[in-house]
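Reviewing the structure listed below.
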Amino acid sequence: MIQRVQSVFLFLIVVAMVTMFFVPIWAKTNPADNQEYVLNAYKLGPVEGAASSNTIVIAILAGVAGLIALYEIFQYKSRLTQMKLGMLNSLVMAALMGCAFYFSSYVGEDLVKTTTQGEYLSGFYLPAVGLFLNVLANRFIKRDEDLVRSMDRLR
């Protein structure tokens, strides 16, 4: 059913993954020319200018994680399928976190060679929030499955 608490958590995962498309993940300012470099779901490069690195893999992983969570909401009749999809979504969001970390810590820091570190923005933490919500949703799905199994034993 769509009214269950795990459906709310899954919907919030969809919201977090869609938000990844619109918020910056990482930013660093080059003090030499005062140029700001920003990482978002599509590119890593200066705010103004055409020279940038393509980071479309972040957008693809965020989209896949959001679609899996959306599909998982409507699989309420098969809780085992929901749990499997939840495990798959955990892997996708872990890969998303890894990609965001790689592009910000390695590619971004090599792009702007200064002694200062770049700052992680709200988009960097959204996959972690999604992963936490996914764990909560899986816990409630398992609780429902355990309840149904216990009722089957009583029959």
Legend entry - Yes/no for PHE132 being over 16 Å from ARG4 (Cα atoms), at pLDDT below 95, in a helix (DSSP H, G or I) and within 18 Å of the chain's Cα centre (by Cα): no
Inset, instruction - Scan the range 112-127 residue by residue and report those that are touching a residue at least 24 places away in the same chain (Cβ under 8 Å) and either touching a Lys or Arg at 6+ places or on another chain (Cβ under 8 Å) or surrounded by fewer than 15 Cβ atoms within 10 Å (Cβ to Cβ) (or both). - result: VAL112, THR114, THR116, GLN117, GLY118, GLU119, SER122
Legend entry - Single residue of the range 64-93 satisfying the filter (among the hydroxyl-bearing types (Ser, Thr, Tyr) and not in a helix (DSSP H, G or I)) that is farthest from LEU136 (Cα to Cα): SER78
Legend entry - Top-ranked residue of the range 44-53 - restricted to ones that are out of contact with any Gly (no Cβ under 7 Å at 6 or more places or on another chain) and surrounded by fewer than 16 Cβ atoms within 10 Å (Cβ to Cβ), ranked as modelled with the highest pLDDT: VAL47
Inset, instruction - Test PRO24 against the stated conditions and say whether it is surrounded by fewer than 15 Cβ atoms within 10 Å (Cβ to Cβ), touching a residue at least 40 places away in the same chain (Cβ under 8 Å) and farther than 30 Å from ARG143 by Cβ. - result: no
Inset, instruction - Please work out if LEU39 is within 29 Å of VAL5 (Cβ to Cβ) and surrounded by 13 or more Cβ atoms within 10 Å (Cβ to Cβ). - result: no
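The values are calculated or read from the model by the stated rules, or taken from the named source; none is laboratory data. Remember, predicted model here, so these are calculated numbers, not experimental data. Note that we place each Cβ from the backbone using ideal geometry, even for glycine, and neighbour counts take in every protein chain shown.
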